[in-house]
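A short write-up of the structure that comes next.
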Amino acid sequence: MFVRILALLGALLLGGCSFQSTINAIASEERQQEVIATAQAICANPQSMRDRFAPELWAQLEPQLPQLSASCPATDAVYQITGVSIDTESTTSAPSQRREDISVVAGSEAGPWTVFEFVFRQAGNGPMLITTMNTEKTATMPGYLADVQAWNDSVNTVRIVGAIILALIVGGIWLLVRRSRRRKAARLAAAANSPPTI
């Protein structure tokens with residue numbers, strides 16, 4: 001029982017939830033990589049992604065492809081998922097509807113940065129299509145990405161502090177157990193050395 005309590009305490013102190021683990025709980029890593037690959041392909045060769053867009057959105061987007069290329073990040077940019085929201089609706093009278101709102105930030109410390117905001121929709125067993133896409137290019141790191149980094153830093157701090165607290169607790173318990181055993185041994189030795197009573 002004591003070991004179980006220590007294990008639970010350790011899990012609570014050391015099991016800080018990073019931003020990425022939160023994202024992973026919502027969208028699979030495979031899905032995240034698919035969306036990142038979509039953002040990269042849209043910049044590298046947007047025409048190759050035509051079938052990934054809803055026809056009405058592509059009709060609006062195609063004339064704007066030159067401007068889209070100008071808003072893309074550098075080729076060595078790092079891509080990161082920064083937001084995921086998934087909603088599924090299912091009724092007996094209509095095919096199930098799935099909507100995914102996913103944000104991707106791409107860039108490097110030197111900048112610039114590009115924010116991609118996608119809305120994917122899927123009806124029944126049909127393809128998952130992009131129905132909304134917005135891009136924004138900035139010279140500096142987006143504020144919420146800095147918040148993500150601050151979150152991860154705070155989680156690491158919690159883990160370090162938790163490890164120290166857990167070590168102090170375990171050390172204190174070990175000292176108490178050791179002191180108790182010494183007292184017990186001393187009492188047994190005293191009892192063994194005392195003259196028998198008649």
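The values are calculated or read from the model by the stated rules, or taken from the named source; none is laboratory data. No experiment lies behind these values; they were computed from the predicted model shown. Glycine also receives a Cβ, built like all others from the backbone with ideal geometry; neighbour counts cover every protein chain displayed. All accessible areas refer to the heavy atoms of the entire protein, side chains included, with ligands and DNA or RNA removed. Shrake-Rupley method; radii C 1.70, N 1.55, O 1.52, S 1.80 Å.
Extending 7 Å from Cα along the Cβ direction at E56 and again at N24 yields two label points whose distance is 3.9 nm. In this simple spin-label model, placing a label point 7 Å from the Cα along the Cα-to-Cβ direction at both E109 and L65 gives a separation of 3.7 nm. Ranked by solvent-accessible area (1.4 Å probe, protein heavy atoms only, all chains present), the residues E56, E100 order from largest to smallest as E56, E100.
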